[in-house]
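So the structure is just underneath, and the comments pick up after that.
Read-outs throughout are calculated quantities, based only on the coordinates presented, and are distinct from any laboratory measurement. Source: prediction; values computed, not measured. Cβ coordinates were reconstructed from backbone atoms using ideal geometry, including for glycine residues, and neighbour counts include every protein chain displayed.
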Amino acid sequence: MNNAKTAAAPAANNNKLLWLVLLAAAGTFALTMGVRQTMGLFLSALNTSTALGIGSISLAFAFGQLWWGLTQPFAGAVADRIGTGRVIFLGVLLVAIGTIITPLMTSTAGLIFAIGVLAAGGAGMAGPSVLMAATARLVPLEKRGFASGIVNAGGSFGQFAMAPIAIGLTAAVGWASAMQWLGVMLLLALPAVLVLKGNSKAIAAQAAAASGKKALSAREAISQALATPSYRYLSLGFLVCGFHVAFLATHLPGVVAACGLPPEIGGWSLAMIGLFNIVGSLAMGWAVGRWRMKSLLALLYATRGLAVLVFLFAPKTPAVMLIFAAVMGVTFLSTVPPTAGLVAKMFGTANMAMLFGIVMLAHQIGGFFGAYLGGYVFEATGSYDWVWYIDIVLAVGAALVNLPIREARIVRVAA
């Protein structure tokens with residue numbers, strides 16, 4: 001009896017630690033992603049306040065998409081070697097500052113600095129590459145798929161919760177104060193640094209000792225990854241994901257307005273994306289341990305393309321818009337668990353934050369074009385149709401490019 005109790009105690013402690021790690025990572029992602037993904041709700045108000053034009057403001061959002069991606073490989077490299085907690089702490093502070101000062105900006109350069117440099121850069125430092133790698137480091141191997149799904153669902157829940165909060169705050173205190181209160185709310189993520197602190201040095205040392213080989217340097221790990229065709233295919237598909245996600249996050253309220261629907265439908269459409277992405281993320285976290293991850297990615301991209309095609313021919317009613325948002329939500333960020341899983345499977349966890357950060361950079365290059373082309377095409381044509389056509393073609397291409405990926409551990413040899 002005593003032996004059974006003794007064996008049960010470590011298991012209970014391990015479960016508590018697992019859920020504490022998941023709460024810290026998912027909660028941080030919920031706050032940073034939730035605030036970033038609701039910024040599109042303020043695009044019209046920013047345009048009215050600054051008179052800069054939708055195209056100029058879209059450029060600030062687009063730069064933010066690109067900068068969010070550019071920071072992640074570097075943030076991941078620092079987190080892998082110096083510590084996750086410090087990186088997340090600085091990232092959360094930068095997102096909060098950038099969000100709070102955005103209403104004070106009156107020029108395109110000012111908006112690029114607040115939205116594109118501070119807020120987006122901070123969100124990249126406290127973003128999925130660092131959070132997913134920290135989670136993979138702190139949870140058992142057999143639970144990584146489940147854990148990545150939970151963390152990813154946290155970002156989705158943030159979007160679902162923040163959109164109605166942003167709408168309510170705007171109605172109560174005005175758009176500028178609403179945005180600043182969202183920035184203050186971000187500070188609730190700071191305690192997570194105490195749970196997620198640590199780095200991957202010990203993992204790299206153990207792997208090197210077990211194999212009898214020197215641990216790979218950051219440069220060697222990057223060179224090996226970029227020389228791997230499957231890694232390049234994965235990054236190319238994720239670039240398309242970024243185009244799609246950024247276009248929806250930035251311009252879905254504009255799409256709703258162009259369809260002649262009330263502005264509230266735009267907010268609820270973003271909330272629906274967040275709500276149903278929770279479902280998609282949890283389902284994908286469960287599925288990555290049971291089916292080939294490249295096949296799951298191909299299915300997700302193909303589903304996106306088909307959904308957009310159906311939406312273009314459907315009547316633009318509130319019900320149709322919300323159903324479309326729900327379908328998009330299921331596929332929105334559910335690409336992250338299998339993508340992160342493939343990076344971990346191919347290269348291990350020692351340099352995962354950095355290598356997944358490079359894949360996220362590809363995602364955000366696509367995000368730059370998705371956010372910018374949405375505004376540019378609308379100003380040029382008065383419609384978003386051509387962006388939807390491009391999106392369909394890219395979705396089909398992403399589905400196909402994932403099929404040749406080889407799901408196998410890459411042999412790593414240090415120079």
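Within the listed set 354, 272, 346, the Gaussian network model of the chain (springs between alpha-carbon atoms below 10 Å) gives the highest mean-square fluctuation for 346.
Taking Cα centroids, how far is the stretch 66-106 from the stretch 243-321 in Å? If you average the Cα positions of each part, the centres end up 27 Å apart. Separation of the stretch 152-170 from the stretch 371-401 is 25 Å, based on Cα centroids.
To the nearest ten degrees, helix 84-101 and the longest principal axis of the Cα atoms of the chain are 10 degrees apart.
Among 93, 342, 18, the largest mean-square fluctuation in a Gaussian network model of the chain (Cα springs under 10 Å) belongs to 18.
Given contacts defined as C-alpha pairs under 8 Å and at least six residues apart, what's the relative contact order of the stretch 15-401, whole-number percent? List each step's numbers first, then the result.
Working: 730 pairs, mean separation 113.4, N = 387.
Relative contact order for the stretch 15-401 comes out at 29 percent.
Paramagnetic label reach from residue 264 (point 7 Å along Cα→Cβ; backbone nitrogen cut-off under 17 Å): within the stretch 309-343, residues 317-323.
How much length is gained if the chain between residue 409 and residue 142 is pulled fully straight, taking 0.36 nm per residue apart and subtracting their Cα-Cα distance, in nm to one decimal?
Details: separation 267, 0.36 × 267 = 96.12 nm, distance 1.61 nm.
Answer, rounded to one decimal: 94.5 nm.
Hey, can you rank 38-45, 315-322 by average C-beta count inside 10 Å, highest first? Each step should come with its number before you reach the end.
Values: 38-45: 21.6, 315-322: 14.0.
Averaged packing, sorted descending, gives the order 38-45, 315-322.
In a simple Cβ point-charge model (Lys, Arg +1; Asp, Glu -1; nothing else charged), the chain has a dipole of about 1620 debye relative to its Cα centre. Full extension of the chain between residue 45 and residue 177 gives 46.3 nm of extra length, using 0.36 nm per residue less the Cα-Cα distance. As I understand it, the value is the acute angle between the Cα axis of helix 263-287 and the longest principal axis of the Cα atoms of the chain; what does it come to in degrees, rounded to 10? Roughly 20 degrees, rounded to the nearest 10. Between residue 386 and residue 299, residue separation times 0.36 nm minus the direct Cα-Cα distance comes to 29.0 nm.
So for the chain, taking the charge dipole from beta-carbon charges (+1 Lys/Arg, -1 Asp/Glu), which of 286, 92, 163 sits furthest toward the positive end? About the Cα centre, the residue reaching furthest to the positive side is 286. Taking the charge dipole of the chain about its Cα centre, with +1 at Lys and Arg Cβ atoms and -1 at Asp and Glu Cβ atoms, the residue from 330, 101, 190 reaching farthest to the positive side is 190.
Arranged from highest to lowest average of other beta-carbon atoms within 10 Å per residue, in what order do the peptides 20-31, 288-299, 119-130, 379-390 appear?
Numbers: 20-31: 24.2, 288-299: 18.6, 119-130: 29.7, 379-390: 14.4.
Packing proxy ranking, top to bottom: 119-130, 20-31, 288-299, 379-390.
The HN-Hα couplings worked out from phi for the stretch 104-116 by the Karplus form 6.51 cos²θ - 1.76 cosθ + 1.60 (θ = phi - 60°) are 8, 7, 10, 10, 4, 4, x, 5, 4, 5, 6, 7, x Hz, whole numbers, x standing for Gly and Pro. Take the Cβ atoms of residue 226 and residue 306, set R0 to 35 Å, and the FRET efficiency comes out at 0.65. If R0 is 45 Å, the Cβ-Cβ spacing of residue 317 and residue 292 corresponds to a FRET efficiency of close to 0.75. Compare the Cα positions of 129, 341, 380 along the charge dipole of the chain (+1 at Cβ of Lys, Arg; -1 at Cβ of Asp, Glu; about the Cα centre) and return the one farthest towards the positive end. Toward the positive end, the furthest listed residue is 341. Extent along the principal axes, Cα only, for the stretch 49-202: 52, 29, 23 Å, with the longest axis given first.
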